[in-house]
Amino acid sequence: MAMLSTDEASKLLDFSQKLDINLLDRIVECLYTSQGEQLRLAQDILTTLKEHPDAWTRVDSILEFSQNQQTKYYALQILEEVIKTRWKILPRNQCEGIKKYVVGLIIKTSSDAATMEANKVYLNKLNIILVQILKREWPRNWETFISDIVGASKTNESLCKNNMIILKNLSEEVFDFSPGQITQTKAKHLKDTMCSEFSQIFQLCSFVLESSMNAPLIQVTLETLLRFLNWIPLGYIFETTLIETLIFKFLSVPMFRNVTLKCLSEIAGLTVPDYNENFANLFKDTMTQLDQMINQNTSMNHIYANGCDSEQEFVQNLAMFLCTFLKEHGKLVEDVKYVDYLNQALLYLVMISEVEDVEVFKICLEYWNSLVEDLYTSESFGGGSNVHLGQTLARRNAAFPRRRFYSEILSKVRYIMISRMAKPEEVLVVENENGEVVREFMKDTNAINLYKNMREALVFLTHLDYGDTERIMTMKLLNQVNGTEFSWKNLNTLCWAIGSISGKYCMIF
């Protein structure tokens with residue numbers, strides 16, 4: 001490639017001359033391939049051009065005539081910059097011109113699946129630019145945006161797929177990222193407008209989910225729906241067939257099951273007493289579907305350790321759904337009508353708690369912690385009861401029906417907590433400057449927090465049934481002595497577990 005000269009490059013900054021597209025392509029290429037002085041020169045030229053107040057007027061010709069994808073991306077950066085910094089001072093006709101131009105480019109690039117795939121990065125930038133325009137124009141200067149995008153989506157599945165992405169991006173900008181970027185008044189206005197016009201968007205989503213056979217379009221629609229679920233009016237969730245469609249049509253399909261579980265988790269996290277029956281039915285129907293998908297003899301740890309990314313994500317999403325639902329609505333499904341489904345869910349959670357991944361275990365641990373604390377405080381040994389510690393477990397269980405119900409599953413949880421107990425602190429044996437062998441305590445905040453949370457759970461578990469805790473610890477200690485489970489790791493873990501409920505801990509070297 002020929003060397004750049006300052007004189008040659010300065011032609012780009014002369015707006016009285018026609019833009020030399022070939023020269024611009026060379027400079028952009030230089031930015032990615034050169035070093036030293038040539039690289040610095042290319043950076044200076046492109047930065048100066050981008051900051052020129054009239055640079056945006058050259059965007060259309062760059063996008064039309066440039067042969068370089070990186071140059072086209074650079075042109076879109078110029079356009080984005082003018083929208084972010086100068087939109088309010090541009091004449092109205094120029095704003096309208098830019099709007100139409102961007103919409104035209106998006107339609108041209110997304111109307112064909114092959115073109116869309118070949119220009120993913122370019123199209124993604126165009127979508128971001130359109131959302132930046134919408135934040136400034138909609139609804140006051142673009143009242144028909146929602147009906148425009150919904151109407152266009154019904155004409156072409158490829159276009160519909162990209163329009164879903166635009167709606168998802170808009171939702172994220174308005175509901176998730178708006179603080180600090182737009183005023184509270186503007187954000188509230190956008191949110192109110194989106195809620196009031198959501199029926200059209202919902203009809204489009206429903207139309208796709210009920211009638212489309214285009215898998216990538218369905219995937220994007222479900223991902224878009226996931227972004228909507230935390231703000232749309234509740235009637236769209238509970239007074240339509242949405243929940244049934246998610247559970248019965250998409251949950252059991254491998255390519256859709258992860259995003260569907262995320263949608264169900266989002267719904268499960270809502271707390272609205274008016275819809276208790278809907279929540280209970282959601283749980284029953286989901287557990288029925290999961291029963292057909294998961295073999296109860298399967299090891300979740302085996303799936304997680306040997307599965308592909310999608311299978312690992314499924315285990316994590318399943319944990320999130322079960323923990324979210326049971327934490328918010330667990331007591332609702334303790335009713336005799338749902339008790340089999342609850343037992344099934346608790347069994348899945350025990351299986352997932354055995355997965356040797358700390359992040360997955362933390363999801364389960366948070367739920368177990370909340371459950372055992374609730375059981376301990378809501379059915380306390382005190383509180384006016386005439387049942388005392390010295391009385392038999394059977395009599396205590398009779399007085400505390402929820403404890404009795406959960407006792408078998410909590411025994412399994414105790415076993416897992418004792419088997420997996422985290423280190424209280426990282427302990428190293430070192431030699432100090434005086435030649436003495438001493439312990440050095442290393443602070444590992446994540447490990448210490450995990451230990452504290454596990455200790456808290458095990459303390460409550462022990463209060464709920466101290467005999468079972470003692471039985472498990474004694475059994476595991478015997479297994480260390482007779483060699484069936486012996487390893488330094490197992491022995492240390494057992495010591496940490498015993499120490500966590502006695503207020504002491506030790507390490508065997």
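When every residue of the range 377-389 is checked against the conditions, at least one turns out to be modelled with pLDDT of 65 or more, of a type outside the set (D, E, K, R), open to solvent by 50 Å² or more (accessible area, probe 1.4 Å) and closer than 25 Å to S353 by Cβ. Residues of the range 469-496 that are out of contact with any Phe, Trp or Tyr (no Cβ under 9 Å at 6 or more places or on another chain), under 27 Å from S378 (Cα atoms) and either among the β-branched types (V, I, T) or in contact (Cβ under 8 Å) with a residue 60 or more places away in the chain (or both): T469 alone. Conditions: (1) in contact with a helix residue (DSSP H, G or I) (Cβ under 8 Å, 6 or more places away or on another chain); (2) in a helix (DSSP H, G or I); (3) buried (at least 17 other Cβ atoms within 10 Å of the Cβ). K191 meets all but one. Number of the miss? Of everything listed in (1) in contact with a helix residue (DSSP H, G or I) (Cβ under 8 Å, 6 or more places away or on another chain); (2) in a helix (DSSP H, G or I); (3) buried (at least 17 other Cβ atoms within 10 Å of the Cβ), K191 misses just condition (3).
Among residues of the range 46-64 that are under 15 Å from N22 (Cα atoms), those with a beta-carbon under 6 Å from a residue that is open to solvent by 20 Å² or more (accessible area, probe 1.4 Å) and among the charged types (D, E, K, R) at least six positions away or on a different chain give the pairs L63/K72. May I ask you to verify whether L167 is assigned to a helix (DSSP H, G or I), aliphatic (A, V, I, L, M), within 20 Å of K108 (Cα to Cα) and more than 24 Å from the chain's Cα centre (by Cα)? So L167 fails the test.
Residues that are touching a helix residue (DSSP H, G or I) at 6+ places or on another chain (Cβ under 8 Å), exposed (fewer than 15 other Cβ atoms within 10 Å of the Cβ) and part of a loop (DSSP other than H, G, I, E, B) within the range 1-14 comprise M1, A2, M3, listed in sequence order. Every residue in the range 210-225 that is surrounded by fewer than 20 Cβ atoms within 10 Å (Cβ to Cβ) and in contact (Cβ under 8 Å) with a residue 12 or more places away in the chain, please. Matches in the range 210-225: E210, S212, N214, A215, P216, Q219, E223. The helices (runs of 4 or more DSSP H) found entirely in the range 294-355 that carry 1 or more residues being among the charged types (D, E, K, R) are 309-329, 339-353. Assess whether P254 counts as being closer than 24 Å to D357 by Cα, in a loop (DSSP other than H, G, I, E, B) and either among the charged types (D, E, K, R) or touching a residue at least 12 places away in the same chain (Cβ under 8 Å) (or both). The answer is yes for P254.
For A42, the conditions (1) open to solvent by 50 Å² or more (accessible area, probe 1.4 Å); (2) touching an Asp or Glu at 6+ places or on another chain (Cβ under 9 Å) are fulfilled apart from (1).
Being of a type in the set (D, E) and either surrounded by 15 or more Cβ atoms within 10 Å (Cβ to Cβ) or outside any helix (DSSP H, G or I) (or both) is the requirement here; does E266 meet it? Yes; evaluated as a whole, the condition is true for this residue. Among the residues of the range 31-56, the ones that are outside any helix (DSSP H, G or I) and under 19 Å from N68 (Cβ atoms) come to 1 in all. Check the range 96-113 and report whether any residue there is open to solvent by less than 40 Å² (accessible area, probe 1.4 Å), of a type in the set (D, E, K, R) and in contact (Cβ under 8 Å) with a residue 12 or more places away in the chain. Yes: the range 96-113 contains one or more residues that are open to solvent by less than 40 Å² (accessible area, probe 1.4 Å), of a type in the set (D, E, K, R) and in contact (Cβ under 8 Å) with a residue 12 or more places away in the chain. Restricting the range 194-213 to residues that are out of contact with any helix residue (DSSP H, G or I) (no Cβ under 8 Å at 6 or more places or on another chain) and among the hydrophobic types (A, V, I, L, M, F, W, C), the residue that is modelled with the lowest pLDDT is C195. Which ones in the range 269-292 are within 21 Å of V355 (Cβ to Cβ) and either open to solvent by 60 Å² or more (accessible area, probe 1.4 Å) or modelled with pLDDT under 95 (or both)? The answer is D291, and nothing else.
From the list L24, L76, L19, pick out the single residue that is more than 40 Å from the chain's Cα centre (by Cα) and open to solvent by less than 10 Å² (accessible area, probe 1.4 Å).
Matching residue, one of L24, L76, L19: L24.
The values are calculated or read from the model by the stated rules, or taken from the named source; none is laboratory data. Please read all numbers here as calculations on a predicted model, not as lab measurements. Note that we place each Cβ from the backbone using ideal geometry, even for glycine, and neighbour counts take in every protein chain shown. Heads up: the accessible areas ignore ligands, DNA and RNA and are worked out on the full protein's heavy atoms, side chains in. Shrake-Rupley method; radii C 1.70, N 1.55, O 1.52, S 1.80 Å.
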